[in-house]
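Here is the structure we will look at.
The values are calculated or read from the model by the stated rules, or taken from the named source; none is laboratory data. These numbers come from a predicted model, not from an experiment. Positions of Cβ are generated from backbone atoms using ideal geometry, with glycine treated the same way; all protein chains shown enter the neighbour counts. Calculation scope for accessible area: heavy atoms of the full protein, side chains included, ligands and nucleic acids excluded. Shrake-Rupley method; radii C 1.70, N 1.55, O 1.52, S 1.80 Å.
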Amino acid sequence: MSDDMLRAPAEVKYAEELDWLESIDDGPKPFSWRLSPRMIRLFILGSERSDGLDREISQKWFGDRSFVERSIVTLASDRGLLLIGDPGTGKSWLAELLSAAICRNSTLVVQGTAGTTEDHIKYSWNVSMVIAKGQSRESMIPSPIMTAMEGGVIGRFEELTRSTSDVQDALISILSEKYVSIPELDDDNIVFAQPGFSIIATANSRDRGVNDLSSALKRRFNFVRIPVVTNKKSEAEIVRFRTEELLRRHRIELDVPPTLLDILLQSFADLRSAAASATSDDEKLESALSTAEQIGVLEDAILHSNFFGDRTLRAQTLAGSLVGSLARRTPEDLAILNKYWHGVVEPRSKKDGGEWPEFLEGGREAIATLS
Amino acid sequence: MTGQTSPFGSLREQLLEAAAAFAGGPVTLSDILSGLVDDVDRALREELEIFPVCHHSPASALAMVRRLREKQPKVIYLELCEDLQPLLTELRNCRLPVAVQAFATDLDGFPASWAPLSVVAPITEASAEYQAISYALETPGVELVLVDRSTDHVFQWAPKEEPQKTHKEEEAGLHGDAVGVEIGDLRPRFAELEEHLLHHGKVRHWSEWWDQYVEQPLSGADYDTYRQVMVLIGSLFRRLTPDGDRLTVDEDRERYMWTRMREHLAASGASPADCLYVCGAFHAASHVEQFGLRSTAPYEITPRTATTWLYGLIPSSHSAIEAQFGLASGSVSIAAATWAKAVTRNKLTPFQLAGQKGARKRAVKLPAPVSKGEVADRLTGFLSRPPALDELDEAELLGWCVDIVRLARRNGYLASTADAIAVFETSILLAGMRNRARPTPYDFQDAAVTCIEKDVVPGRRDVRRLCEILLGGDRVGEVGYDALPPLARNVYDRLAPLGLDLEKRTIQRALLDLNASPELVPCSDLLWMLRYLLPHDAVRPIMGERRLGERSIQESWDLAFGKHQRFIIELGYEGVTIEQVLEQRLRRKVWDHKATAAVALAAVEDAVLFLGSRRFADELGARAVELLAAERSVDDAPEVLRRIRRLMAYYRASEPELPGWCEEFATAGYAHYCTLLPTAFVDDDTGVRQVAAMLGFLFSMESLALALGCDRAQLELAVQQSHPEAPAKVALLWAARNQLGLLPLAELRSRSDELLANPLVVPSFPQYIMGFVQALEPAPSLSGFVVEVISKAFGRLPDSVLLPWLPKLITTLRDQAGELMPALVREAGRTFPGGLAALDAWTPPWSARPKPVASGPAPVAAGPVNELLMGHPAACDAVAELLGCAGEWRVPETAAGADHREVTALLAEHPEPALAVAGLLI
């Protein structure tokens, strides 16, 4: 089934693994959860030899173990879970994995935008049916959150802070009273949440101040802050993991040389430290330089090499993709990249050699083209 | 899921995996495993009972208390630097944690760049070593012997490279840059092994791993089990230690300790059965050939270097210990809390030094000693059986939850009872997920962060830090008065009249009314000295200042001695009194090879201000003369000029005559700056400010220098030899020539006008102005001319030159001519009209037509001066003749007193004062 989709949700993609884990799971399960908390942790963080399992479970989310544990425990409690962090830190991916492991449904998602209304959280009406038959449960269109309530599963709310305050406040009663009333109906006018219902929301910490959460709503969420991965080893793991997935999805057979991966990681680490020491916004790149951004650069380079190159990933292409992806503002971003290329990459290519000289050349060309 | 049923099954798995993953090379897994058992066997069979410990481990301390009560040894050998022994008895005067410190500034045998050397060994109450020390010092007939290498050897064996200095937080920096030594260092020796253990143990940091896999299972274990498990862990880390400097040092230490113990046993004749050797578990599994009392392998202990070591106690804190030894934040506090609880739960009476501050009094009555039976294998059982899990202590957890919410609320969080409930529930769920029935402090901390921490931290502390405070908090030790070095005691004694409790850790405000209570003047003097010597947070004047020739009537100070006790104690290593330390510091400063004349003058000033010793100030001043004569650069000239002017003004005002060194300084400086002047004028690296300061020195010291035998021709020649090219310096030279009378003001004016009229030079005119402004230093009488030049520049310079230059003018004036500005502004105020209305009719004085010179000689006013001169004309005639000036005496036109009508009227109106003065004189 997952072959028919461009991107299969986690519960479809890992259906077989989840089935197997469910079959061996003998731990206590809260509410209607499909897996016990320990098994969910195992599913997300992968298995060790010491776990004594018959098969290996791959690691799907890379980060501190305690974040996953705290998230799972929050969902087993009375509160909603709010994953907060910089863009590209894997919040949504973690939310998807959690939903898939807990209830095998990660698709009940509301995307928070400036245009999100209360209807998207509660319910709306099928206007033609209302005209034809009047207001009834049949003519009502439940929102993903209401569907999750009815099914006792996890509902997801992406980018909570992008939606306006009145929309956010609609969540308060859902999280407190755990029901939604439908005043338009005379009977059967309350939808109660079934055991197992909870909400995983994500929020971008760079959007702070756009639509700040009210204290009442904050109180109903447990916050788990996901930091940007700065550990080079874990970052390499993540990039490798996601790139392999991308290659599989695009059915591309192409090797990513470890030296090039190192160059990519090193460049991002350098640019991050430069951004950390910058004193104004003009001195740092607009990009958050997250791990997702790295994956984006690598994906771009791979696709470029595959379709326009000789099917070998080269440092020159990587440099071009890096410049292309990170230079968003002209001239600020280009100036920073130019400074980086001449101040850091050039000395390094002289000192370290390897693929760096080619990387230097590729970057220069790309900057020259864009300037 | 099979391996997941017991936490200890997982430990064994981890040990096997760690061995399998890292024992590459010739050592095979089976060798390691059998070696572990061999090590345990060997340590337990040793005739001298070895007590393996781990630092900051409550389990070790508990086992120590139990064992000491059972065995009651007569001699205790402790793994601690042997030269620290005399200090241990002083621990009773302190509030723990404190650190025993060895300190050396006079190095002999070590690179001079290492100075000062400092070694600290922190001691907490919840440690096995403190139990051993207390037992030994409080029980009659028990001897405590420290057997580890001396602090001198710590550095002898250290790699000869520069120690790295790191910045630490306030509390965490209590130990300064000292090297830490610790009893029972037990931790994987390479990062990969630790990472492996943490990863497989599913914990975040080492302290949590230790707590879960060793501490908890061992806290209630019997002595044999404790010993065997500790040696096993020590042996594991030892066998997986890569060869390197650190292992070599450890082995040398073991040789040292065994040699010392054998020596002691031979000398004292004590029976090994009555002795106990307390050492880190790592050393209990030692492989050196000197291990064991039966060994006869020789080991030669190298003599100490001639470095003089000084010893003392300094306050320490849990966070300082964590920072020094790389432990997780809060882990020492949690260990202290665990210890306190275990003591109550197990109804144990720990040992304690009599008179120990900040602890409950506990009388320890020792039961009759129990002899120990044969060693049985407890290891197999221990490793194959899951440990008895602690039951959930609901009351304790509830207490924590309620307290953390209260604490969070006080720190600005919007936490409520609902949060307390959520934290409680989450703690239990998290502990369950991590295979524990009873949430550990770490589980609780995670739960509190999850439920209370939101997107921003409202106050200074986040929830994680609040949890640490709740679970014991950072405890800061204090060294008691009796354990302080003489200098520190002297400081406290001398400040006693202030009536403040200086041992408190809060800031104390001292108010000194020096007029009303002159007895506080010595306190004020001492505070100023401490201000100079201690970090500025420790002693901060709020009101009052001390400058040359000034004294405050009232002073108010913020004193934080409790917080900065370490610095006062470390001053004690330098001398017996504050005055002595200050004198040494100042002397060291001026005799340093990098010292300059400005530094020496600053030292003279400090000596006058703080010590008031003329002899010492003269000594430093003589050094300043030497330094000035030897200097080849004039970079410090502005500083030298400022300081020598201030000092001379002070001496002139307060002493009958200038000190000899000041006169020497003036003559030496005159000659020195005359010599360097031509070079400084042309040297690009020497700034105009420096040259101005040189000229300032030459002109202002001229009268003194000439009186002392210098020749003015030297200065005139030096000015004539100067041919600067930079515009600012050219302007400065013109000003100097004007001051010397070589260039009349009219010519100076015409030259500057020419520059302004020349379009080729106009762009560089601002630089000429800078030169003229700087010239105010040597030639203050030119201020009127400088105002004129600046006014003309503002009036005539084209906008393209003027506007870009203006911001630069302001910044340069602020940076380089701050002290000259008031004079310039005053002069400008005199020159320009005061009101707007007057501006239209105003003509600049320099553009005004010169007034026609009045014909005929000026009228001669009558007065006492003229009367005197007329009465004794010989002197004036002689001077006139010498100067070649012909003239004649004229009689005043009016009668005496005619011009002083106002004065006469005043006197007539109020004759009383004049009559009183007359009466007085008669």
*At A:Phe241 and A:Glu283, where each label point lies 7 Å from the Cα along Cα→Cβ, what is the point-to-point distance in nanometres?*
3.5 nm
*In region B:705-753, GluC sites (Glu not before Pro) in a DSSP loop with at most 10 other beta-carbon atoms within 10 Å*: B:Glu725
*asked:* What distance in nm separates the two pseudo spin-label positions at B:Asp799 and A:Ser128, each 7 Å out from Cα along the beta-carbon direction?
replied: 7.2 nm
*Just the number, please: carbon plus sulfur as a percent of the accessible area of region B:457-541, 1.4 Å probe, no ligands or DNA/RNA counted.*
49 percent
*Between region A:292-321 and region B:325-357, the alpha-carbon center distance in angstrom*: 58 Å
_Delta accessible area of at least 10 Å² on complex formation, residues of region A:201-245, 1.4 Å probe, chain isolated as reference_ = A:Arg208, A:Ser215, A:Lys218, A:Arg219, A:Asn222, A:Phe223, A:Arg225, A:Lys233
*For region B:701-775, rounded, prolate or oblate, judged on the Cα gyration tensor with a ≥ b ≥ c (square roots of eigenvalues), a/c < 1.5 rounded, else prolate if a/b > b/c?*
prolate
*With Cα atoms, 0 to 90° folded angle of helix B:799-816 axis to chain B main axis*: 60 degrees
*B:Ala875 versus B:Asp711: modelled label distance in nm, points set 7 Å from Cα along the beta carbon direction*: 3.1 nm
_With Cα atoms, 0 to 90° folded angle of helix B:521-533 axis to chain B main axis_ = 70 degrees
*Out of A:Ile40, A:Ile154, A:Ile57, any idea which swings most in a Gaussian network model of chain A, alpha carbons joined below 10 Å?*
A:Ile57
*Could I get the Rg over Rh figure for the protein assembly as shown? Both from C-alpha atoms, Rh via Kirkwood, rounded to two places.*
1.07
*Distant-in-sequence amide H partners of B:Cys54 (H built 1.01 Å from N, under 5 Å)*: B:Ser60
*Compute the FRET efficiency between A:Ser165 and A:Arg206 as 1/(1 + (r/R0)^6), taking r as their Cβ-Cβ distance and R0 = 22 Å, and round to the nearest 0.05.*
0.70
*Dipole axis of the protein assembly as shown (+1 Lys, Arg; -1 Asp, Glu on Cβ), positive-most option in A:Val73, A:Leu370, B:Ala731*: A:Val73
*For chain B, what is the percent of antiparallel DSSP beta bridges, rounded to the nearest 5?*
60 percent
*What is the ratio of the Cα radius of gyration of chain A to 2.2 N^0.38 Å, where N is its residue count, to two decimals?*
1.13
*Surface share of carbon and sulfur [accessible, 1.4 angstrom probe, percent] for region A:276-322*: 47 percent
*Eligible aspartates and glutamates near B:Lys347 by straight Cα distance, threshold 16 Å, same-chain separation 8 or greater*: B:Glu70, B:Asp222
*Express in whole angstrom the spacing between the alpha-carbon centres of region B:525-570 and region B:229-265.*
48 Å
_So, R0 is 22 Å and r is the distance between the beta-carbons of B:Lys341 and B:Arg406; what FRET efficiency does that work out to, to 0.05?_
0.60
*asked:* I'd like the accessible area for A:Asp54: 1.4 Å probe, protein heavy atoms, all chains in place, Å² to the nearest 10.
replied: 150 Å²
*How many percent of Cα pairs in region A:270-321 exceed 11 Å?*
70 percent
*What residues of region B:399-421 lose no less than 40 Å² of accessible area with every protein chain in place versus their chain by itself (probe 1.4 Å, heavy atoms only)?*
B:Leu414
*Which loop trypsin sites (Lys or Arg not before Pro) in region A:184-254, with loop taken from DSSP, have no more than 10 other Cβ atoms within 10 angstrom of their Cβ?*
A:Arg251
*Return the long-range amide H neighbours of B:Asp474 (sequence gap of 5 or more, or a different chain), with a cut-off of under 5 Å between placed amide H atoms.*
none
*Compute the accessible area per residue over chain B, keeping the other protein chains in place, probe 1.4 Å, unit Å².*
46 Å²
*Please report, as a whole percent, how much of the solvent-accessible surface of region B:599-702 comes from carbon and sulfur atoms (probe radius 1.4 Å).*
49 percent
_Residue (of B:Pro272, B:Thr259, B:Ala874) at the positive-pole extreme of chain B, dipole from beta-carbon charges_ = B:Pro272
*Interatomic Cα distance distribution for chain B, bins of 10 angstrom, percent*: 2, 9, 14, 15, 14, 12, 10, 9, 7, 4, 3, 1, 0
*Antiparallel %, DSSP beta bridges [both residues in the protein assembly as shown], to 5*: 50 percent
*asked:* Excluding ligands, DNA and RNA, what is the accessible area buried between chains A and B, summed over both sides, using a 1.4 Å probe, to the nearest 100 Å²?
replied: 3000 Å²
_Set of aspartates and glutamates near A:Lys351 by C-alpha distance (under 18 Å), chain-local residues within fewer than 8 positions excluded_ = A:Asp262, A:Asp270, A:Glu361
*Solvent-accessible area lost in complex, 10 Å² minimum, residues of region B:436-464 relative to chain alone, 1.4 Å*: B:Asp446, B:Val449, B:Thr450, B:Cys451, B:Glu453, B:Lys454, B:Asp455, B:Val456
*How well do other chains shield peptide A:20-28, expressed as the mean number of their Cβ atoms within 10 Å of each residue Cβ?*
1
_Å² per residue, accessible surface of chain A at 1.4 Å_ = 45 Å²
*Output the relative contact order of chain B, whole-number percent, from Cα pairs under 8 angstrom with separation of 6+ residues.*
10 percent
*Using θ = phi - 60° and the Karplus curve 6.51 cos²θ - 1.76 cosθ + 1.60, what whole-Hz ³J(HN,Hα) does each residue of region A:266-278 get, with Gly and Pro shown as x?*
5, 4, 5, 4, 4, 5, 5, 5, 5, 5, 5, 8, 6
*Length-normalised contact order for chain A - Cα pairs under 8 Å, 6+ apart - percent*: 15 percent
*asked:* Nearest 500 deg cm²/dmol is fine: what mean residue ellipticity at 222 nm does the protein assembly as shown get from its DSSP H runs of n ≥ 4 alone, each adding -39,500 (n - 2.57), divided by its residue count?
replied: -15500 deg cm²/dmol
_Part-to-part distance (alpha-carbon centres) for region A:50-72 and region B:448-522, which is given in Å_ = 46 Å
*If you line up the long axis of helix B:614-630 against the longest principal axis of chain B, both from Cα atoms, how many degrees apart are they, to the nearest 10?*
80 degrees
*Exactly which trypsin sites (Lys or Arg not before Pro) in region B:561-632 are in a DSSP loop and have at most 14 other Cβ atoms within 10 Å?*
B:Lys594, B:Arg632
